[in-house]
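K.L.:
Encoded as structure tokens, here's the structure I'll be asking about.
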């Protein structure tokens, strides 16, 4: 079955260029040239991925990404942000808004297709579907639920995968490259800085239950999830 990609781009020449190359690569696609059309299209039929322009009539791609991330139906929707804004603060803003990847205009069509393939290949963490509990923090991949004690926690899809992997490998130090490999999968075009952004977002989510201290930064080495020396969490 062909992957269906929503192109949200108001410049018709760019949208058509993307569409032609997607078609040649074997993808199905639909084009939306403003925020309202993009929202309506996603509500009509959930795509497999969104290529999302930053600047759009009726709003911004960032606000649209935040909207989709806050909705359970679209929380795991893969999003690649397209923009001419290539400075690091802009990239961080895009990732913070919920984008999974970031392409700076003008871009190579082959690079775009490679990024699309990489994102579509991403799988859930290499661990099983069994729930795992550490120090009161519980994650259930079967129901996509995370809680700390009696407090439910809301995580984005990338933060969920990241936490899942860390909980399956507690007390180990993981450097950025290892996390990209194990959590993101095919990460050829993803910068190591991306890990820091998602660790920050993960801690912010955990802070609502005051358990963000479970994620520890090991200076110069990476990150780890701290667990009791004698865990009884069934790992």
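The values are calculated or read from the model by the stated rules, or taken from the named source; none is laboratory data. The structure displayed is predicted, hence computed values, not measured ones. For neighbour counting, all protein chains shown are included, and Cβ atoms are generated from backbone atoms with ideal geometry for every residue, glycine included.
K.L.:
Among the residues of region 157-184, count how many are under 12 Å from the mean Cα position of the chain (by Cα) and farther than 14 Å from residue 199 by Cβ.
P.N.:
Qualifying residue count for the region: 1.
K.L.:
Let me ask you something else. Looking at (1) out of contact with any strand residue (DSSP E or B) (no Cβ under 6 Å at 6 or more places or on another chain); (2) under 25 Å from residue 27 (Cβ atoms); (3) surrounded by 14 or more Cβ atoms within 10 Å (Cβ to Cβ), which is the one condition that is false for residue 84?
P.N.:
Against the list (1) out of contact with any strand residue (DSSP E or B) (no Cβ under 6 Å at 6 or more places or on another chain); (2) under 25 Å from residue 27 (Cβ atoms); (3) surrounded by 14 or more Cβ atoms within 10 Å (Cβ to Cβ), residue 84 comes up short only on (3).
K.L.:
Pull out all pairs, ordered by first then second residue, where Cβ-Cβ is under 6 Å, the residues are six or more apart or on different chains, the first lies in region 19-36 and is over 11 Å from residue 7 (Cβ atoms), and the second is part of a helix (DSSP H, G or I) and modelled with pLDDT under 95.
P.N.:
Note: pairs meeting the criteria are 25/113; 35/64.
K.L.:
Turning to a different aspect of this structure: Exactly one condition in (1) over 16 Å from residue 8 (Cα atoms); (2) touching a strand residue (DSSP E or B) at 6+ places or on another chain (Cβ under 9 Å); (3) part of a loop (DSSP other than H, G, I, E, B) is not met by residue 90; state its number.
P.N.:
(3)
K.L.:
Only one residue in 106, 125 is part of a loop (DSSP other than H, G, I, E, B) and modelled with pLDDT of 85 or more, so which one is that?
P.N.:
After ruling out the rest, the residue left standing is 106.
K.L.:
Sticking with this structure for a sec: Are any of the residues in region 155-167 at pLDDT 90 or above, surrounded by fewer than 18 Cβ atoms within 10 Å (Cβ to Cβ) and either farther than 28 Å from residue 68 by Cα or not assigned by TED's automatic domain parsing to the domain that holds residue 99 (or both)?
P.N.:
Scanning region 155-167 turns up no residue that is at pLDDT 90 or above, surrounded by fewer than 18 Cβ atoms within 10 Å (Cβ to Cβ) and either farther than 28 Å from residue 68 by Cα or not assigned by TED's automatic domain parsing to the domain that holds residue 99 (or both).
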